[in-house]
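The values are calculated or read from the model by the stated rules, or taken from the named source; none is laboratory data. Keep in mind that what you see is a predicted model, and the values were worked out from it rather than measured. Methodologically, a virtual Cβ is constructed for each residue, glycine included, from the backbone with ideal geometry; neighbour enumeration extends over all protein chains shown. SASA here: full protein model, heavy atoms, side chains in, ligands and nucleic acids out. Shrake-Rupley method; radii C 1.70, N 1.55, O 1.52, S 1.80 Å.
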Amino acid sequence: VDKGVQSIMKRGIIAGYPVVDVKVSLVDGKTHPVDSKDIAFQVAGREAFKKAFMMAKPILLEPIVTIDVTVPAANVGDITRDISGKRGQVLGQEMLPGDMASIRGQVPLAEVANYGSQLKSVTGGQGSFVMEFSHYDMVPPNVQQQIMANYKAKPEEEE
């Protein structure tokens with residue numbers, strides 16, 4: 001039973017992402033001399049976990065990064081709008097010497113995966129950024145639905 005539960009947790013139920021932070025307890029079980037095969041218990045564990053998991057209304061988590069963007073002062077509005085448009089939150093900004101500004105925000109990593117080229121085009125190559133992992137946060141329901149709709153299970157994952 002444990003093998004079945006562990007395999008489905010590793011493979012994932014929602015869009016192929018692994019399941020984490022879950023405790024599973026087997027309360028009762030019975031063997032039968034003819035029908036009790038290892039694979040039968042694995043399938044039972046896997047199917048019971050899937051059913052219970054979906055009843056629990058699971059969510060996807062995504063990594064959130066803190067991003068520090070340094071740009072010419074003339075581009076501050078463009079960058080703050082861009083961060084907000086990427087499901088991000090501007091945490092603050094400050095003026096720097098040389099008519100530059102620093103903008104700090106938190107943004108889902110998926111939204112800034114190719115941020116370097118975007119920033120280069122907005123600032124004419126004068127902007128720079130640094131990002132570091134901050135925490136995990138819940139994926140908004142509309143984005144989670146989109147991820148689930150776009151997911152195609154690999155043939156060996158289908159049952």
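Whether any residue in the range 4-14 is crowded, with 16+ Cβ neighbours inside 10 Å and touching a residue at least 60 places away in the same chain (Cβ under 8 Å) is what I want to check. Yes: the range 4-14 contains one or more residues that are crowded, with 16+ Cβ neighbours inside 10 Å and touching a residue at least 60 places away in the same chain (Cβ under 8 Å). Filtering the range 75-104 to residues that are of a type in the set (Gly, Ala, Ser) and over 14 Å from Gly127 (Cβ atoms) leaves Ser84, Gly85, Gly88, Gly92.
Any idea which of (1) buried (at least 18 other Cβ atoms within 10 Å of the Cβ); (2) modelled with pLDDT under 95 is the one Arg81 doesn't satisfy? So the condition that Arg81 fails would be (1).
Just so you know, in the range 62-78 the residues that are without any contact (Cβ under 8 Å) to a residue 60 or more places away in the chain and not in a helix (DSSP H, G or I) include one that is most open to solvent (accessible area, probe 1.4 Å), and it is Thr70. Just the residues that are outside any loop (DSSP other than H, G, I, E, B) and within 15 Å of the chain's Cα centre (by Cα), please, taken from the range 12-61. Matches in the range 12-61: Leu61 only. Restricting Val34, Val22, Val71 to residues that are in contact with a Ser or Thr (Cβ under 6 Å, 6 or more places away or on another chain) and among the aliphatic types (A, V, I, L, M) narrows the list to Val71.
The number of residues in the range 22-58 being open to solvent by 90 Å² or more (accessible area, probe 1.4 Å) and under 22 Å from Val143 (Cα atoms) comes to 3. Selection of the range 97-143 for residues being of a type outside the set (A, V, I, L, M, F, W, C), surrounded by 17 or more Cβ atoms within 10 Å (Cβ to Cβ) and within 20 Å of the chain's Cα centre (by Cα) yields Gly105, Gln106, Pro108, Glu111, Tyr115.
Would it be correct to say that Glu94 is without any contact (Cβ under 8 Å) to a residue 60 or more places away in the chain and either open to solvent by less than 50 Å² (accessible area, probe 1.4 Å) or out of contact with any strand residue (DSSP E or B) (no Cβ under 7 Å at 6 or more places or on another chain) (or both)? So Glu94 fails the test.
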